[in-house]
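Peer 1: Sending over a structure as structure tokens; questions will come in a sec.
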Amino acid sequence: MSLDLQTVVDSLNTNLPDSVLDVKTFRGETTLIIDKKRVREVCSHLKNDFGFKFIADITAVDYLGVKIPRFEVVYHVHRFGPSFDDNVRIRLKTELPEEEPRIDSVVPVWSGANWLEREVYDMFGIVFLGHPDLRRILMPEDYEPHPLRKDFDVRDREASKRSFKRALEEGSE
């Protein structure tokens, strides 16, 4: 029997009041807008009480010049049912201000979130509090900008040059 998403939302509203700020459904996909301060609690509740044992993806969106708050962190969590038709996927979104792009890590809930959060940190500069090893995963450690931010200037090669120069100097030692 498939999981009723309204049951999930009702349970979150009962057990974690004010954690779900909004629920949106579009083309059969459900998105829960979550209070950023409660994201780890919500994720724990989804995993432990409803069997969402798989974090499929974590990403971010930069809405520079479009809306405030500037950033959204997006989580795709999945629940495997006994049959294909019983599989359920929910999208969680939480908004972060430009001045403080920080949110609790969900690595304690899903260890698979480790590299996903590192990628979001690397590309957007969003800090995951409590992450066990938050460092760049794709760009060099000393690379300063975050390439998927809307204010990243692809024509500015200075950060790349500095990083490359340091790597050459370290390699010649």
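Peer 1: Give me the residue from the range 1-50 that is basic (K, R) and not in a strand (DSSP E or B) and, out of that set, farthest from V107 (Cα to Cα).
Peer 2: Out of the qualifying residues, it is R27.
Peer 1: A follow-up question, please. Against the condition touching a strand residue (DSSP E or B) at 6+ places or on another chain (Cβ under 8 Å), among the aliphatic types (A, V, I, L, M) and surrounded by 14 or more Cβ atoms within 10 Å (Cβ to Cβ), how does I103 come out, does it pass?
Peer 2: Here the answer is yes, as I103 does meet what is asked.
Peer 1: Residues in the range 100-110: is at least one of a type in the set (A, V, I, L, M), at pLDDT 95 or above, touching a helix residue (DSSP H, G or I) at 6+ places or on another chain (Cβ under 6 Å) and more than 21 Å from D62 (Cα to Cα)?
Peer 2: Scanning the range 100-110, I find at least one residue that is of a type in the set (A, V, I, L, M), at pLDDT 95 or above, touching a helix residue (DSSP H, G or I) at 6+ places or on another chain (Cβ under 6 Å) and more than 21 Å from D62 (Cα to Cα), so the answer is yes.
Peer 1: Working only within the range 30-63, note down all residues that are open to solvent by 20 Å² or more (accessible area, probe 1.4 Å) and charged (D, E, K, R).
Peer 2: Hits for the range 30-63 are D35, K36, K37, R38, R40, E41, K47, D49, K53, D57.
Peer 1: Which pairs turn up if I take residues in the range 138-163 that are farther than 25 Å from P69 by Cα and in contact (Cβ under 8 Å) with a residue 40 or more places away in the chain and look for partners that are of a type outside the set (S, T, N, Q) and open to solvent by 100 Å² or more (accessible area, probe 1.4 Å) with beta carbon separation below 7 Å, at least 6 apart in sequence or on another chain?
Peer 2: Listed pairs, sorted by first residue: none to list.
Peer 1: Sticking with this structure for a sec: Looking at (1) farther than 26 Å from K36 by Cα; (2) of a type outside the set (A, V, I, L, M, F, W, C); (3) open to solvent by less than 30 Å² (accessible area, probe 1.4 Å), which one does S83 not meet, given that it meets all the others?
Peer 2: (3)
The values are calculated or read from the model by the stated rules, or taken from the named source; none is laboratory data. None of the values given here were measured: they were computed from a predicted structure. Every residue, glycine as well, gets a Cβ built from its backbone with ideal geometry; the counts of neighbours run over all protein chains shown. Ligands, DNA and RNA are excluded from the accessible area calculation, which covers all protein heavy atoms including side chains. Shrake-Rupley method; radii C 1.70, N 1.55, O 1.52, S 1.80 Å.
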